[in-house]
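The values are calculated or read from the model by the stated rules, or taken from the named source; none is laboratory data. Only a predicted model underlies this, so the values are computations on that prediction, with no experimental measurement involved. Cβ coordinates were reconstructed from backbone atoms using ideal geometry, including for glycine residues, and neighbour counts include every protein chain displayed. Surface accessibility is based on the protein's heavy atoms, side chains included, excluding ligands, DNA and RNA. Shrake-Rupley method; radii C 1.70, N 1.55, O 1.52, S 1.80 Å.
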Amino acid sequence: NPYAGLVSHLRASWLSGKTRPMEYRVAQLEALGRFLDDKKQEILEATELDMGKPSFEAFFSEILLCKNELNVTLNNLCQWMKDEHVDKNLVMQLDSAFIRKDPYGVVLIIAPWNYPIHLFLVPLIGAIAAGNCVIIKPSEISKNTERLVAETLGCYLDNDCFAVVTGGVPETTRLLENKFDYIFFTGSSPVGRIIMTAAAKHLTPVTLKLGGKNPCYVSDTCDVTNVARRVAWGRFFNAGQTCIAPDYLLCTIEMQEKLMPALREAITEFFGPNPRESPDFGRIVSDKHFQRLRALLCSGRVALGGQTDEAERYIAPTVLADVLPSDPAMQEEVFGPILPIVVISNMDEAIDFINARPRPLAVYAFSCDSKIVNQVLERTSSGGFCGNDTLMHFTLPSLPFGGIGNSGLGKYHGKFTFDTFSHHRGCLHRSMGLETLNTPRYPPYTQQKMGLFTTTFEVKRRGTCTLL
C-alpha cells in the first residue's frame, strides 16, 4: 500500500507521546493561525479560481470562521484537557474517579470541495487540540485550493505528525485500506456509506458530516420581505453549494405568490439586474455539477432566473414554483443556486412532508408566531435547526454541528470537535489500604454482607424532574 509507510511514521510519532503535551498542541494550533494569516490572499485567489467564490464570502467562511474556531480552542484548551472528576459512592469516597481525555491516535480527515479550507481546518483544529496525529485529504475537485494546501501547510505544521495526501477516488480508496484510529469525513451520503464500510473493516470510529434536502417552512404569518432576504442569502451564498442551505421551501399557494416579488427584489438587491456580472455571485465548481444542476431546471416552472452559461459554469439565482414531490429537483440534494417551492396547505402538512423523508442536516422555519416555529422544532428531527433565519446556527462554535440518520453521524465545532477527537477514558484510582471497606464484596457471602453491600452501592431516586 502506497500510504502504509506514511501511516506507520505518524503512528510512531504518536506512540512517542510527542503530541500529548499542551505546549505542543498550542504551538501547532498557533502555527495554523499563522497559515491563515500568511496565506489569506492565496486562499481568496484559489477559491475564486476554483468556483468564482466572492472574496467576502471566502473571507467569512474560509478564514474568519476558522480563526474563531481556533481562538475558542486556544482560549479553552487548558480547561478542556483537564481530568473531569465524577461522583462516587460511599466505598470510594477516598479514591479518585475521573474521565481522562485521551487522543485517539492517527486520524484521517477527508474534506469536500465546497468550503475547501474550512471543512478540513475546523476538524483539524480539534484533532490537534485533542493530541492526535493527522492525515488530511483535501478534495481534488477544488484543485487550486488542494494545491495550495498540499504545498504550504507542511511549512507550518510538524511533518512527523501531520501530512497532506492528494489525489482522487483511487488514491482515497488505497488510503482507506490502512488502519486509522478515527476517520472524519465530510461529503455526500453515498460516499459516506463507502467510508463507513471501509472503517468497519478496522472497527474504526467515524464522524460523517453528510448532506440532504434541508426543508424550509414559511408560514402565512411572517414578514415576507425579511424571509425573502434571509432565504435568498442562505440559498445563493457560495452559489448554493452549501450543505446546510435551504434546499426547498414549503408554503401555501398564497405565500408563494407573495414571496415571488420579494425574492425577485432580494436577488436584484444582492446581485443587480444581471447576476452574471456581479462580483458577489459565484460559479459552479465543475462541468459535471453544472450539467447535473441544469437538468433540474425542468422541475415545476421557472419563476425567477433560469439563465445558464456552460462556458462559465454559470447558473443564475433561480426560483422554481409549483414543484411537485415527484420532480427531479426533489429527488436529490440541489447543491446549487436553485430554490424549488413546494406548495402545501398548512403547517401540519408541511411537518408530515418533512417527516416522510430522510432526516436532513438542517430544518428551517419562518413565522412571526413563535409557537409555530416551536411546533416545527418539536415535531421534526434534523441535525440542526434554525428559526427565522438560514445558515447562522452554523457560525456559533458553542452549538454542535452534525447530522442524524441519512445526513450524518457525530458532531463538531468548538469543544464538540475536541470531544469528537478525544477518547473519554473512565478511570478509577484506589488506595492500596483500607481493605476492610472491600470485605463485603468478598466470599463467603452472607446476608449481613449483602446489607452492607447494598447500603454502600445503591443509588436512590431523588424525585421527579420538571422541565420549565
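Between the listed residues Gly167, Leu339, Pro273, the Cα displaced farthest toward the positive end of the dipole of the chain, a dipole computed from Cβ unit charges relative to the Cα centre, is found at Gly167. Only the Cβ atoms of Lys and Arg (+1) and of Asp and Glu (-1) were treated as charged; on that basis the dipole of the chain about its Cα centre amounts to roughly 1740 debye.
Label-to-label distance for Glu140 and Leu6 is 1.3 nm, based on points extended 7 Å past Cα in the beta-carbon direction. Highest mean packing comes first when the peptides 83-93, 363-373 are listed by Cβ atoms within 10 Å, giving 363-373, 83-93. Applying a length cut-off of 20 Å (Cα extent along the axis) and a mean Kyte-Doolittle floor of -0.5 to the DSSP H helices of the chain leaves 22-38, 65-81, 253-271.
For the peptides 326-332, 102-108, residues were scored by their other Cβ atoms within 10 Å and the scores averaged per peptide; the highest-first order is 102-108, 326-332.
In straight-distance terms, cross-link reach from Lys88 covers every one of the aspartates and glutamates whose alpha-carbon lies under 14 Å from its own, apart from those fewer than eight places away in the same chain; here that gives Glu458. With r as the distance between the Cβ atoms of Met432 and Ser55 and R0 = 41 Å, compute the FRET efficiency 1/(1 + (r/R0)^6) and round to 0.05. Between Ser55 and Met432 the formula returns 0.05. Taking every protein chain into account, the accessible area of the range 215-406 amounts to 40 square angstrom per residue (probe 1.4 Å).
Give the shape of the range 197-319 as rounded, prolate or oblate, defined through the alpha-carbon gyration tensor: a ≥ b ≥ c are the square roots of its eigenvalues, a/c under 1.5 means rounded, and otherwise the shape is prolate if a/b is larger than b/c and oblate if not. In terms of gyration-tensor shape, oblate.
The gain in end-to-end length when the Glu332 to Ala150 segment is fully stretched comes to 62.3 nm, 0.36 nm per residue minus the alpha carbon separation. One decimal place: the segment Lys18-Glu171 gains 52.3 nm when fully extended, by the rule 0.36 nm per residue minus the C-alpha distance.
Global dimensions of the range 134-246 from alpha-carbon coordinates: Rg and Dmax equal 18.7, 58 Å. The Cα atoms of the range 1-115 give a gyration tensor whose axes a ≥ b ≥ c have a/c of 1.5 or more with a/b greater than b/c, which makes the shape prolate. Of all DSSP bridge pairs formed entirely within the range 215-406, close to 25 percent run antiparallel. Sort out for me the Cα centre separation of the range 398-433 from the range 1-78, rounded to whole Å. Value for the Cα centre distance between the two parts: 20 Å. Panel note: the C-alpha atoms of the range 180-262, placed on their principal axes, show extents of 54, 23, 16 Å (largest first).
Here the translational diffusion coefficient of the chain follows from Stokes-Einstein with Rh set to the Kirkwood radius across Cα pairs; for 25 °C and 0.890 mPa s it amounts to 100 µm²/s.
Short-range pairs are left out: with C-alpha atoms under 8 Å and at least six residues apart, the relative contact order of the chain is 19 percent. How large is log10 of I(q)/I(0) for the range 23-75 at q = 0.21, 0.22, 0.27 Å⁻¹ when the intensity is taken from the Debye formula with one equal scatterer per alpha-carbon? For the range 23-75, the Cα-only Debye profile gives -0.73, -0.78, -0.99.
Of the residues Val459, Pro328, Gly187, the one whose Cα sits farthest toward the positive end of the charge dipole of the chain, with +1 on the Cβ of Lys and Arg and -1 on the Cβ of Asp and Glu, is Val459. Remark: the range 215-406 is approximated by an ellipsoid whose semi-axes, taken from the C-alpha gyration tensor as √(5λ), come to 25, 18, 17 Å, largest first. Shown for the range 190-255: the carbon plus sulfur share of the solvent-accessible area, taken with all protein chains present and a 1.4 angstrom probe, equals 64%. The residue among Asn214, Ile354, Ala198 whose Cα reaches farthest toward the positive pole of the charge dipole of the chain, with charges on the beta-carbon of Lys, Arg, Asp and Glu, is Ala198. Expressed as a whole percentage, what fraction of the accessible surface of the range 294-358 belongs to carbon and sulfur atoms when a 1.4 Å probe is rolled over the protein heavy atoms? Carbon and sulfur atoms account for 48 percent of the accessible area of the range 294-358.
Under the simplified labelling scheme, the Thr225-Glu30 pair shows an inter-label distance of 5.0 nm, with each label point 7 Å from Cα along Cα→Cβ. If R0 is 35 Å, the Cβ-Cβ spacing of Asp83 and Thr197 corresponds to a FRET efficiency of close to 0.45.
Look at where the Cα atoms of the range 82-118 and of the range 202-255 average out, and the two centres are 33 Å apart.
With 19 Å as the limit on Cα-Cα distance, the pairs of Lys39/Lys411; Lys53/Lys213; Lys40/Lys288; Lys101/Lys411; Lys82/Lys411 that go past it are Lys39/Lys411; Lys53/Lys213; Lys40/Lys288; Lys82/Lys411. DSSP finds beta bridges in the range 310-468, and of those with both partners inside it, around 10 percent are antiparallel. Multiplying the residue separation of Cys368 and Asn159 by 0.36 nm and removing their Cα-Cα distance gives an extension gain of 69.9 nm.
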